[in-house]
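Trainee: This is the structure I have questions about; it appears just below.
The values are calculated or read from the model by the stated rules, or taken from the named source; none is laboratory data. Predicted model, so just to flag it, every value in this text is computed and none were measured. Quick reminder, even Gly has a Cβ in these numbers, built from the backbone with ideal geometry, and neighbours come from all protein chains shown. All accessible areas refer to the heavy atoms of the entire protein, side chains included, with ligands and DNA or RNA removed. Shrake-Rupley method; radii C 1.70, N 1.55, O 1.52, S 1.80 Å.
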Amino acid sequence: MKMSLVFHRLSWLGVLVLAWLAGSCVEPYAPAIVSAPPSYLVVDGFLNARGSTTIRLSRTTAVASKTAPPAETKAKLFIEQENGPRYPLAETAAGTYVSATLTFDAARRYRLLIATQRGQDYASDFVAVKLSVPVDEVSWKPETDGVRVFVSTHDDTRASQYYRWEYEQTWEIRPPYQPLIEYDNALNELRDIRVRYPLSCWVSDQSNRILISKTTPLAKDVVSNFRVQTLSPDSPLLAVRYSILVRQHVLTQAEYGYWELLRRNTESIGTLFDPQPAQVVGNISNLRNPDDLALGFVGAHSTTEQRLFIAQPELPRGWGRRSGYESCVPPDTVYVTPPKTELADVPAKLKSSFGNPGFLPIDRVYSDMGVVIAYIAKAKDCVDCRERGSAVRPSFW
């Protein structure tokens, strides 16, 4: 039976390849669109065995939906120890639930209980607690394709074996222009700027890739130089100073299997030879209605982390020199001839340039006699550090 099934699939694969080689026409298939798809509960997070737990609840939406998945609000969540107490989580933002700082008993099992506002009760399976070993090192190395960031770890007891990593990266921006004047729409005038633009600002974002590895095939439980990030030589993230915080999770075999299948379904599809998508089954169920799916896997483990900094002078010559403002050249530069009186009867051209939210006035241009002969404006993206990040310096910087 197995040979017959394999042969059948290979036969069809051969037909498809021959049809492609012969230049045959392929009739596109447009699947029927489900106008009202089911709304399943999505659970994102894990039970933090050494700290505060954060769980995010949302609902599934149609694939073609252009809005963010709706948050599941006003639910009641508890962390339950097997044959033990329950610990509540409080909703701190729409669909985000946070517990107090807890320390789990590594010899006990835990699960998550969810009671939605709609009257549905969900529970994850009881799971064993996994304590993460320390991160040995987060390192970086310049390669031909750019800066590669690696993580290394090990467990002499071989109790870990299944790992997942996520990261948060932060980088500094220094805008090339500092506006000295501003346009007041209400007063219809140019004046000295009242709130100076920051000289530097910082941007942060979270990883969205699934980074997992296992050491079960190895003689030792050692992960050496697992790549978590690659930055191109001209990446604007490297222009001044870059930092990455790598957070490590140690998983159970079941939780690792969930993440592996999720990774295959989301990152390894799109070609003829990629694995076919499979249903991702988590460990959360509806206690009253087994047919009501809930998506997600709730494990119980601690995390360890390590931060790395890369300064631009440490990079190979010429790397990271891009400021991210390379497009700030004409026509992103506007020179405007001023009116006879600088702050009176602003002409249409001046108003259209400086009243346009896409452009910001930078400075006055003076003649040798000290008379204003023009104003210079730049595209807002070329200047506005406040639009790109926060002027508040991170505490770890």
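Trainee: Could you size up the charge dipole of the stretch 45-126 around its Cα centre, putting +1 on the beta carbon of Lys and Arg and -1 on that of Asp and Glu, and report it in debye to the nearest 20? Display every interim value, and only then the final one.
Mentor: Values: 11 positive and 7 negative charges, 41 e Å.
Here the size comes out at about 200 debye.
Trainee: Here is a further query. With θ set to phi - 60°, apply the Karplus curve 6.51 cos²θ - 1.76 cosθ + 1.60 along the stretch 155-162 and write out the HN-Hα couplings as whole Hz, x wherever there is a Gly or Pro.
Mentor: Running phi through 6.51 cos²θ - 1.76 cosθ + 1.60 with θ = phi - 60° gives 9, 5, 7, 6, 8, 9, 6, 10 Hz.
Trainee: Near the amide H of V228, under 5 Å away, which other amide H atoms are found, from residues 5 or more places off or on another chain, if H is placed in the peptide plane?
Mentor: Close amide H contacts, sequence-distant or interchain: V149, F150, V151.
Trainee: Would you mind checking the stretch 368-390 for residues with the amide N under 19 Å from a putative spin-label position 7 Å along Cα→C-beta of S327?
Mentor: The answer is 377-389.
Trainee: Moving on to the next point. Using the structure shown, select from K130/K220; K66/K130; K141/K214 the pairs with a Cα to Cα distance greater than 30 angstrom. Walk me through the intermediate numbers first.
Mentor: Values: K130/K220 18 Å; K66/K130 38 Å; K141/K214 23 Å.
Violating the 30 Å limit, Cα to Cα: K66/K130.
Trainee: I've got another one for you. Output wanted: per-residue J couplings in Hz (rounded whole) for the stretch 81-91, from phi through Karplus 6.51 cos²θ - 1.76 cosθ + 1.60, θ = phi - 60°, x for Gly and Pro.
Mentor: Taking θ as phi minus 60°, the curve returns 8, 4, 6, x, x, 10, 10, x, 10, 10, 7 Hz for the stretch 81-91.
Trainee: Sorted by packing (mean other beta-carbon atoms within 10 Å per residue), highest first, where do 75-86, 38-49 land?
Mentor: Going from most to least packed, we get 38-49, 75-86.
Trainee: Next question. Whole-Hz ³J(HN,Hα) for each residue in the stretch 293-299, computed from phi via Karplus 6.51 cos²θ - 1.76 cosθ + 1.60 with θ = phi - 60°, x for glycine and proline: what do you get?
Mentor: Karplus-based 3J(HN,Hα) across the stretch 293-299 equals 6, 10, 9, x, 9, 9, x Hz.
Trainee: Here's something else I'd like to know. Cross-link candidates for K378: which aspartates and glutamates have Cα within less than 15 Å, leaving aside residues fewer than 8 places away along the same chain?
Mentor: In chain and number order, the partners are E182, E326, D332, D363, E387.
Trainee: Same structure, new question: Accessible surface of C385 in the full protein assembly, 1.4 angstrom probe, to the nearest 10 Å²?
Mentor: 0
Trainee: Please report how far the C-alpha centroid of the stretch 370-397 lies from that of the stretch 230-254, rounded to the nearest whole angstrom.
Mentor: Their Cα centres are 27 Å away from one another.
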